[in-house]
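Beneath this line is the structure, given in structure tokens, with notes to follow.
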Amino acid sequence: MQQSSKFDDFKRIVSGYENEINKHAPLVAVVNQIARQLTGEEHPNTDDIVAKQNHVNARYVPDWSKVSRCVNKLGAKGFFQLK
């Protein structure tokens, strides 16, 4: 497989990831807003609410620094040429 083809494949994967994240962004925003309201009111299940909020954010809020590290590792291994 040629270098540019591998990079094109990688760009498609990242684009798909970005589309998936964007699809869920409005719902994640609502979850975060409701969680802030409930924890601000000292809800008796605050610990559970914060845990679920953190779980949702870890899953659906992109950590672009991780993506960047992945790109650099793949580039260093010769998967594709970094420009």
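Within the range 41-72, restricting attention to residues that are out of contact with any Ser or Thr (no Cβ under 6 Å at 6 or more places or on another chain) and of a type in the set (Ser, Thr, Tyr), which residue is nearest to residue 30 (Cα to Cα)?
60
Looking at residue 82 and the list (1) among the hydrophobic types (A, V, I, L, M, F, W, C); (2) at pLDDT 85 or above; (3) not in a helix (DSSP H, G or I), which single condition is not satisfied?
(2)
The values are calculated or read from the model by the stated rules, or taken from the named source; none is laboratory data. Being a predicted model, the structure only gives us computed values, none of them experimental. Ideal geometry is used to build each Cβ from the backbone, glycine not excepted, and the neighbour counts take in all protein chains shown.
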